[in-house]
1. Give me the dipole magnitude in Debye, nearest 20, for the chain about the Cα centre, with unit charges on the beta carbon: positive for Lys and Arg, negative for Asp and Glu.
2. Of Lys117/Lys242; Lys16/Lys367; Lys108/Lys161; Lys44/Lys224; Lys240/Lys361; Lys224/Lys323, which ones are farther than 25 Å apart at the Cα?
3. What dipole magnitude, in Debye to the nearest 20, does region 128-272 give about its Cα centre under +1 on Lys/Arg Cβ and -1 on Asp/Glu Cβ?
4. For region 97-200, what class follows from the C-alpha gyration tensor (a ≥ b ≥ c being the square roots of its eigenvalues): rounded when a/c is under 1.5, otherwise prolate if a/b is larger than b/c, else oblate?
5. Two decimals, Cα atoms only, Kirkwood Rh: what is Rg/Rh over region 255-296?
6. In terms of modelled amide H atoms, which long-range or inter-chain residues lie less than 5 Å from the amide H of Ile33?
7. Lys and Arg at +1, Asp and Glu at -1: add these up for the other residues within a Cβ distance under 11 Å of Val37 and post the number.
8. Within region 125-192, report the trypsin sites (Lys or Arg not before Pro) that DSSP leaves as loop and that have at most 10 other Cβ atoms within 10 Å.
Amino acid sequence: MPPVQYELIKECPRTKARAGILHTPHGSFETPIFMPVGTQATVKTMTPEEVRELGAGIILSNTYHLYLRPGSELVRQAGGLHRFMNWPHGILTDSGGYQVFSLGPLRKITEEGVQFKSHIDGSTHFFTPEKSMQIQMDLGADIAMAFDECPPYPAEFEYAKRSLEMTTRWAKRCQAAHTREDQALFGITQGGMHADLRRESARQLVDLDFPGYGIGGLSVGEPKPLMYEMLDVTVPELPKNKARYLMGVGSPDCLLEGVARGVDMFDCVLPTRVARNGLAFTTHGKVVIRNAEYARDFERLDPECDCYTCRNYSRAYLRHLYKAEEILVYRLLTIHNLHVLLNLMRNIRQAILEDRFVEYKKAFLDKYGQENH
Ligand SMILES: NCc1cc(CSc2ccccc2)c2nc(N)[nH]c(=O)c2c1
């Protein structure tokens with residue numbers, strides 16, 4: 001019995017949107033799903049109970065960061081990530097490749113792996129597909145991601161082609177090194193912004209028969225229509241009975257467009273990160289709470305939101321906290337932003353089940369795009 005299985009519940013008759021259930025050793029979760037990012041084994045400013053209360057089922061952590069600090073061996077000795085961070089539900093870890101590549105000039109890529117310098121103390125390290133698997137097996141997430149290369153944007157056809165072929169060779173090495181039975185290993189498709197390479201990468205990874213597939217190398221600076229075009233050519237190559245995970249995406253509009261193209265899983269640091277910069281997602285677009293216009297705005301953050309923050313605090317109070325650098329504001333904005341995205345996913349799934357996803361998507365985007373504060 002594979003540790004992680006995707007169960008298709010309903011397909012939208014007019015788009016590629018679908019509702020499903022992702023079964024994992026730490027619970028079964030409805031898809032489409034938004035997964036909050038907890039890079040260093042915590043969803044920043046939130047207790048696990050608060051994250052669960054907001055409706056999160058699967059959270060993400062980061063191999064690169066946890067390997068450097070506190071060390072994956074220490075987490076293994078602590079009983080694994082679920083126990084270490086007191087989160088008994090779903091966990092997914094990224095392979096560390098992307099984080100190392102985003103280190104820029106501090107890294108050197110070869111067929112064997114990637115040499116990089118720690119962003120913490122400058123020490124030199126070497127990640128290989130095998131090392132990424134060992135770290136992720138030690139961490140013990142329910143889903144581990146293959147070690148891949150995410151090409152920079154833009155990337156020439158030849159570079160993207162050589163890169164995806166190395167990513168496939170690395171995926172085979174990951175499969176050979178991944179021996180943990182209670183953890184699923186997802187492959188990651190690449191191919192840059194080249195439609196034929198996107199199809200080729202997906203076909204090569206489907207031939208390796210992974211239990212689920214990440215779609216990597218998107219939302220790396222390209223225009224959104226180009227990201228959507230790459231989804232249009234990638235998703236049809238992926239099996240219907242496997243989960244599709246668009247990595248590092250995204251904002252409300254990207255979630256809706258990704259679901260419409262058959263994506264099941266999303267993650268993004270945005271809701272938590274922008275909260276710490278005083279930005280809130282609202283049903284009428286973004287609100288930058290530090291702006292002077294909110295100094296005497298005694299209305300709730302989002303008139304159509306029923307989260308704890310919107311039920312109890314005004315924009316003026318949130319702006320005051322932000323200007324005073326009071327820690328509470330980071331928590332209140334994180335609660336709101338996570339609620340917006342998790343609630344959006346719940347509403348999207350219900351719309352798919354009731355055959356009204358197309359209408360829901362149009363109504364949301366008309367309103368969301370309306371007043372960009
Ligand atoms: N959207 C850009 C992006 C983001 C992530 C990171 S997603 C993430 C972040 C934190 C924790 C878990 C997953 C990626 N990860 C991998 N392995 N490959 C990619 O191409 C890629 C592209």
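Any read-out appearing in this document is the output of simple, stated calculations on the displayed coordinates, not a laboratory observation. Being a predicted model, the structure only gives us computed values, none of them experimental. A quick note on method: Cβ atoms are made from the backbone with ideal geometry, for glycine too, and the neighbour counts reach across all protein chains shown.
1. Result for the chain is approximately 440 debye, rounded to the nearest 20.
2. Lys117/Lys242; Lys44/Lys224; Lys224/Lys323
3. Numbers: 15 positive and 22 negative charges, 40 e Å.
The calculation lands at about 200 debye.
4. oblate
5. We get a ratio of 1.13 for region 255-296.
6. Counting only residues 5 or more places away or on other chains, the set is Met265, Phe266.
7. Working: positive: Lys44, Arg273; negative: Asp94, Asp267.
The answer is 0.
8. none
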